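The values are calculated or read from the model by the stated rules, or taken from the named source; none is laboratory data. Being a predicted model, the structure only gives us computed values, none of them experimental. Note that each Cβ is placed from the backbone with ideal geometry, even for glycine, and that neighbours are counted across all protein chains shown. Heavy atoms of the whole protein, side chains included, go into the accessibility calculation; ligands, DNA and RNA do not. Shrake-Rupley method; radii C 1.70, N 1.55, O 1.52, S 1.80 Å.
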Amino acid sequence: MQGSRALAAVHPHLHAGADVRAHGDHLALVSADGRRACDLVPEEQPLLALIDGNRDIRTLAREALALEPPLRPAATLGLLRRLYETGLLEGVNDNAGRELGAVNRTQGFVAWLRAATAVRVALPAWLGAPLRPLGFSATAAARLAGVGLAGTVLFGLGLMLTGELERALDPFAGGALELRAALLYAATAALASARGLFRLLALHGQGEAVRPAIGWTAGVVHLDIDDRARRWLPPEARGGLYLAGVAGLALPTAFGLADRLVATFVPHGLPAWAGAIVAVAPFVLALDLAPYGRGDGWQLAGVWARVPDLRRRSAAFLLRRSIRNLLRSEPTSAAERTYLLLGSAWLAHAMLAGWLLTEHLLPSALRALTRLVRDGSGDPVAWGVGAAMTVGLLVVTVALGLALLIVVGGAVAQLFGGRRATPPASVPVGEAAEDVLEAMAAVPFLASLPREALGSIVAGMRRERYRNGDAIVRQREPGDRFCLLQSGEAEVLFEDESGARERLASLRAGDFFGEIALLEERPRTATVRARGEVSVLSLDRPSFVSLVEHSRFAREAVLEQVRNAGFLRTVDVFSHARPALLATLLDKVVAQELPAGTAVVRQGEVGDALYVVREGGVRVERREGDTSRTLDELGPGEVFGEIALLSGTPRTATVVTTAPSVLLRLPGEALDALLLDDLRIAVGLCAAMRRRRVAHGEATWTSRA
């Protein structure tokens, strides 16, 4: 197997006791203890029997092609990646996990801390049985959450207009500090129990058998539920569960604010314990709604957006792409609109949290501490509670302030960033021309040229030198030159619509990139960055065109090969293919000239080929009932057809030419052979397929911790 020593030595096997569970048409592989689960599509289930520790990854990919229905290599690697991310795949080391493209697998201290602060002690099942008839549906959960949130906003505005909001959000008003802190602690536990109760009722409404439990979460003891069943529920059912959790906090918050509003007109008092619940409820609800935390808000954002590795991608968008996207004039894609909404939710919640913390919670705590000092209390318990409370709130305030500063810094960097990189000073090839000539003879689309023509090309090349970390070319910059890596190593980095970066490949001496720049200036599809000292040989387009025009070899034949190679390698995962593999691809590629209005592939058909648009353009459409929706418009250099071809599922959309077009068609059999030869390309195609599905708003089969 080429391309990855880490993957070559891996013989994976499934977590002991894991089995497949179904919820309607939804399948998931679930660990024996129910703590981990991974979504499955029906075509993937037969492969599970082969993941037994006796086969390496390449053998698994080959034997999966013989299954009925066959599972293509990229789909096999995609399943292995998801299993690894959820901890259901064993025998895979960290290096192999990274080669599989796995992300966001929590390990080490963070994993221990999460487990230590989310302990569940299950109680007998009969305690929850009487609640089963009270279970409610996802629709009812959404309505309850809507009523609670609407009431919170309306009654909060009413308190603001009457000038009583500040007093309503003062949790430490009245009573001895240590007694008040204990009441707030107990109130937080009671609210968490209410959230757990509502989630229990929602799970009962889904027909799932769950047990009540006593939980310790972030040091708060409360009645919760053993809700492992949620891990194999379909997304819509999980959404209802999380909305139920929001309802369990929003309804008490709305009731508490309503009571405070009524008290401004009809004075009355609440018991101390009820007053504590009313005082702490808005803060607990705000924490649960955080789209970047571990509460229901983050889970709901994941269900709605269906974006893999949501937290990292939305954070990357805020820091690298949000301001840039707002300032540019080009239309935004569906994926970019999703990240804009997610980024807006991040900022809105951060401002809400900062306002609650700095305007209400922290001042209230400081006033309580001031009263303690003024009263001259010598109670060490009160002093300890006050000091711990104040220090904790100050730490949270500083952390929130630093986070906002980082976001602001990212925005400033976007305003002044994005300038085109200037290549370093270059020198002619000179005396090393003979060595360069041999390297250029290995380039597939130049290999057929006579030695005299190759010598003319080499004479026009220049040498560039880079230090570790330097960008040789940058994504989205116009392609201005063809590059051949003469010595050293480089890495290929792709930045998706969110701004999150993925390492696609490593380049070594003899690898090349940027051949499309020999024909026209098109934006780069990836960034190539030096790893250590690197020497690059470059050839700009004017020099190449001039050499071709004045040479005696078959001009059109060479340009055709350059066009095919260049456009094929605009597919980011082919950009690092070894020269021999690229030569094999070029032998299999068929150029199709099609008039406007031609349906290239149709929704529901079996995928048998991958296409790259060389000239013209196509429109991607999906039939939904009696209507057809346009998903995307693709132009030269863009790829389609990979989802059905790689996953083995029917075509998810129809693609129609919008103008006279030339398409490069790569048969599925040739692609399968290529992927089995170099699994790095299969990993890259998996990543490209996930990005396309997210961009089209499709359900993405993602792992859940």
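What residue among Ala272, Val307, Leu287 has its Cα farthest toward the positive end of the dipole of the stretch 260-316, where the charges are +1 on Lys, Arg and -1 on Asp, Glu, each on the Cβ?
It is Val307.
Once phi is turned into ³J(HN,Hα) by the Karplus curve 6.51 cos²θ - 1.76 cosθ + 1.60 with θ = phi - 60°, what whole-Hz value does each residue of the stretch 132-148 show in order, with x for glycine and proline?
Here the 3J(HN,Hα) series is 4, x, 8, x, 10, 7, 4, 5, 5, 4, 4, 5, 5, 5, x, 4, x Hz.
If you take the charge dipole of the stretch 431-503 about its Cα centre, with +1 on Lys and Arg Cβ and -1 on Asp and Glu Cβ, which of Phe494, Leu484, Gly460 is farthest toward its positive end?
Gly460
Between Asp496 and residues 5 or more places away or on another chain, which pairs have amide H atoms under 5 Å apart, with H built 1.01 Å from N, and which residues are they?
Glu502
Distance from a point 7 Å along Cα→Cβ of Ala659 to each backbone N in the stretch 606-637: keep the residues under 11 Å and list them by number.
615-618, 635-636
Quick one: which of 389-395, 349-355 comes out on top by average Cβ neighbours within 10 Å, and what's the full order, highest first?
Taking the mean over residues of other Cβ atoms within 10 Å, the ranking is 349-355, 389-395.
Which ³J(HN,Hα) values in Hz, rounded to whole numbers, follow from the phi angles of the stretch 335-350 under the Karplus curve 6.51 cos²θ - 1.76 cosθ + 1.60, where θ = phi - 60° and Gly and Pro get x?
5, 5, 5, 4, 5, 4, 5, 5, x, 5, 5, 4, 5, 4, 5, 4
Could you tell me which trypsin sites (Lys or Arg not before Pro) in the stretch 581-656 are loop residues by DSSP with no more than 14 other beta carbons within 10 angstrom of their beta carbon?
Arg602
Mind checking the full-extension length gain between Leu134 and Glu236? Use 0.36 nm per residue of separation minus the Cα-Cα distance, one decimal, nm.
Extra length from Leu134 to Glu236 when fully extended: 34.7 nm.
Under a Cβ-only charge scheme (Lys and Arg +1, Asp and Glu -1), can you give me the dipole magnitude of the stretch 132-272 about the Cα centre, in debye to the nearest 20?
That gives a dipole near 420 debye.
Would you please give the residues with an amide H less than 5 Å from that of Glu489, counting only those at least 5 places away or on a separate chain, with H modeled from the backbone geometry?
When sequence neighbours closer than 5 places are left aside, the close amide H contacts are Arg531.
By its C-alpha gyration tensor, with a ≥ b ≥ c as the square roots of the eigenvalues, how is the stretch 296-365 shaped: rounded for a/c under 1.5, else prolate for a/b larger than b/c, else oblate?
Judged from the Cα gyration tensor, the stretch 296-365 comes out oblate (a/c at least 1.5, b/c at or above a/b).
Under a 5 Å amide H to amide H cut-off, with H placed in plane at 1.01 Å, what residues pair with Arg36 once short-range neighbours are removed?
Ser31
Could you give the length gained by full extension between Leu65 and Asp19, i.e. 0.36 nm per residue of separation minus their alpha carbon distance, to one decimal place?
Difference between extended and current length: 14.3 nm.
If ligands, DNA and RNA are left out, what is the accessible area of Glu452 with a 1.4 Å probe, given in Å² to the nearest 10?
120 Å²
Could you give the dipole magnitude of the stretch 442-551 about its Cα centre, charging the beta-carbon of Lys and Arg +1 and that of Asp and Glu -1, in debye to the nearest 20?
Here the size comes out at about 320 debye.
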